[in-house]
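Comments concern the structure below.
The values are calculated or read from the model by the stated rules, or taken from the named source; none is laboratory data. Because the structure is a prediction, the values reported are computed rather than measured. Cβ: placed from backbone, ideal geometry, glycine included. Neighbour counts: every protein chain shown.
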Amino acid sequence: MSSLQKTIMKNKLPPRMPRSSGIAKLAPFGAARRKDYTPVSWRQYFQKYEDVETEGGTFRVYLSPEPDHPSRPRIVTLHGGGYSALSWSLFTEEITNMIHCQVVSLDIRGHGETKVKDPDDLNIDTLVRDVEQVILKLYNEEPPPLILLGHSMGGAIAVRAAHSPVLDHYVQGLAVIDVVEGTAMEALASMQSFLRGRPTHFKSIEHAIEWCVRSGQVRNVDSAKVSMPSQILNCQTGLLATNEVESYSSDGTVYTPVATRHAPHADRIAEESDDNDHDNDETDATDAKHAKTDENDAVHSKNDAHTKNDVVQSKSYTADVECKAGNDMNNAKNDESNAENGTNIHKIDESIPENDESIAKNDESIPKNDESITENAKIDEINDDDAHFARPNAVGDGTTMKYKWRIDLSRTEKHWAGWFGGLSNAFLHTRAPRLLLLASVDGLDRELTVGQMQGKFQMQVLTRCGHAVHEDTPGEVARVVASFALRHRLTSATENGEHMNLVSAPGC
């Protein structure tokens with residue numbers, strides 16, 4: 001095919017996707033993209049905070065702007081175990097743009113900036129009493145209409161608070177996220193194992209945020225930037241990392257991309273590209289390969305592949321590993337037979353390159369200066385590189401580790417059964433309208449399955465998210481909650497919300 005024919009054929013193809021960044025085009029093989037994990041201040045999402053004094057201690061409450069009328073509902077958000085009030089930051093921005101309301105986000109006892117006399121007392125009755133006292137104190141004993149919204153442990157508190165004689169009259173709606181009695185009780189057996197798998201310390205706020213995203217605790221990096229600092233303490237000052245965010249500067253670590261197939265540095269988390277970036281890079285790599293390869297050379301190489309002592313050069317762009325192929329056909333046949341019995345490898349050739357252990361392990365018959373690596377060596381080397389991405393080595397103990405968890409969740413085990421026991425029955429018998437959001441359609445237990453079939457509550461399953469549903473997909477959660485509030489005439493839509501067709505949002 002002539003160059004003119006190639007040009008004509010290329011012109012008939014659809015346009016290529018644009019690059020996500022011009023930097024990627026110039027990046028060497030093996031260079032890792034690094035996302036921005038710089039922490040973000042809570043002030044971008046909440047108007048102010050108040051420290052509410054109660055009998056138990058001082059509770060931190062974050063507030064969005066006041067609604068247009070005092071009768072508008074207040075959405076009281078209760079976070080899960082180990083999280084904080086700031087885990088609702090992106091949700092707050094979304095929901096206040098859709099309906100007239102105010103978000104009241106509370107740091108539960110033992111979490112965030114809340115300071116109490118006994119932070120280890122996480123008994124469900126104590127937690128419900130804390131919520132009662134904070135709401136009454138915040139609104140001078142006359143609360144406005146309330147929508148209780150809780151995630152995980154916070155969902156269990158919200159259900160019990162909805163039954164409280166103190167708040168029952170004011171609660172106009174109840175919504176819980178990804179908490180079901182049956183599945184929660186089953187998961188408790190493996191909870192300690194999960195907690196032991198988490199790092200105990202972080203060497204910077206950025207590393208904590210990066211671990212949060214890369215581990216899957218929160219899949220939305222924008223949410224992790226604002227919520228993760230409120231979950232860790234500075235080991236030296238004992239203060240929450242949130243206090244350092246507004247004056248925070250990067251830890252100064254220079255992440256220089258290295259053009260190598262060997263493992264990344266020990267103090268670095270190698271970045272995995274986004275799916276779209278990965279697809280674009282593969283397309284660009286393929287185009288570059290064909291642009292550099294002459295057709296006549298390709299045909300010549302194909303014909304010479306059946307002869308002896310020919311060298312075929314190829315490059316694997318997907319793994320950033322420069323491989324060399326080809327060798328004497330007799331040696332290749334010997335390699336296949338020796339791979340099965342492993343007895344005569346050293347007899348073929350004992351000159352093994354000393355500086356490449358990965359090649360030596362797969363084929364010990366390769367000469368030191370030979371420009372070839374077998375296909376098995378290529379695959380093993382790619383898998384070896386992938387293994388370095390599996391577990392980031394950026395966290396651990398030592399003098400360089402400056403931050404630790406705000407709360408040790410493993411010490412709260414004695415309260416777990418009390419949080420979730422009897423939850424399904426209490427949820428079904430709540431007086432106010434009920435909404436259940438799940439991350440999996442298989443999350444219902446038997447009691448809730450029967451209740452859902454009887455139409456006792458609204459259920460919504462959100463996909464492409466983890467346990468922290470409201471952080472991973474804040475816009476979708478806000479849309480469902482806004483639709484729930486409008487359907488039950490608890491408020492009205494904002495000017496922006498009127499164009500979103502919220503009332504017709506799908507439900508189960």
Residue that is surrounded by 24 or more Cβ atoms within 10 Å (Cβ to Cβ) and in a loop (DSSP other than H, G, I, E, B), where the choices are Gly155, Gly112, Gly150, Gly82: Gly112
Every residue from the range 158-178 that is part of a strand (DSSP E or B) and small (Gly, Ala, Ser): Gly173, Ala175
So Gly466, is it touching a residue at least 60 places away in the same chain (Cβ under 8 Å), small (Gly, Ala, Ser) and assigned to a helix (DSSP H, G or I): no
Residue list for the range 443-463, restricted to those being in contact (Cβ under 8 Å) with a residue 40 or more places away in the chain and either surrounded by fewer than 20 Cβ atoms within 10 Å (Cβ to Cβ) or not in a helix (DSSP H, G or I) (or both): Gly443, Leu444, Asp445, Arg446, Glu447, Gln452, Gln458, Met459, Gln460, Val461
Residue check, Thr491 surrounded by 22 or more Cβ atoms within 10 Å (Cβ to Cβ) and not in a helix (DSSP H, G or I): yes
Check on Val226, part of a loop (DSSP other than H, G, I, E, B) and either under 18 Å from the mean Cα position of the chain (by Cα) or not assigned by TED's automatic domain parsing to the domain that holds Ile75 (or both): no
Qualifying residues in the range 199-223 (those that are of a type in the set (A, V, I, L, M, F, W, C) and assigned to a helix (DSSP H, G or I)) - the one surrounded by the fewest Cβ atoms within 10 Å (Cβ to Cβ): Val221
Residue within the range 469-478 that is over 23 Å from Gly82 (Cβ atoms) and either assigned to a loop (DSSP other than H, G, I, E, B) or among the aromatic types (Phe, Trp, Tyr) (or both) present: no
Qualifying residue in the range 120-137 (condition: over 19 Å from Lys414 (Cα atoms), part of a loop (DSSP other than H, G, I, E, B) and modelled with pLDDT of 95 or more): no
Close pairs from the range 98-122: first over 19 Å from Leu233 (Cβ atoms) and of a type in the set (Gly, Ala, Ser), partner modelled with pLDDT of 95 or more and assigned to a loop (DSSP other than H, G, I, E, B), Cβ under 9 Å, at least 6 apart: Ser105/Phe46; Ser105/Ser64; Ser105/His79; Ser105/Ser84
Residue selected from the range 488-505 under the condition within 20 Å of Gln458 (Cα to Cα) and without any contact (Cβ under 8 Å) to a residue 40 or more places away in the chain, by the criterion nearest to the chain's Cα centre (by Cα): Ala505
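Residues are listed down the side, and each one gets a yes or a no for (1) more than 26 Å from Asp121 (Cβ to Cβ); (2) free of Cβ contacts under 8 Å to residues at least 40 places away in the same chain; (3) within 17 Å of the chain's Cα centre (by Cα):
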position: Val40; (1), (2), (3): yes, no, yes
position: Gln47; (1), (2), (3): yes, yes, no
position: Asp51; (1), (2), (3): no, no, no
position: Thr58; (1), (2), (3): no, no, no
position: Arg72; (1), (2), (3): yes, no, no
position: Ile75; (1), (2), (3): yes, no, no
position: Gly80; (1), (2), (3): no, no, yes
position: Glu93; (1), (2), (3): yes, no, no
Considering residues of the range 464-480 that are β-branched (Val, Ile, Thr) and in contact with an Asp or Glu (Cβ under 9 Å, 6 or more places away or on another chain) only, the residue surrounded by the fewest Cβ atoms within 10 Å (Cβ to Cβ): Val469
Filter result (out of contact with any helix residue (DSSP H, G or I) (no Cβ under 6 Å at 6 or more places or on another chain), assigned to a strand (DSSP E or B) and not charged (D, E, K, R)) within the range 51-76: Gly57, Thr58, Val61, Leu63, Ile75, Val76
Any hit, the range 89-97, residues being buried (at least 24 other Cβ atoms within 10 Å of the Cβ), assigned to a strand (DSSP E or B) and touching a Phe, Trp or Tyr at 6+ places or on another chain (Cβ under 9 Å): no
Selection from the range 413-432 of residues that are outside any helix (DSSP H, G or I) and either under 12 Å from Ala162 (Cα atoms) or not assigned by TED's automatic domain parsing to the domain that holds Met191 (or both): His429, Thr430, Arg431, Ala432
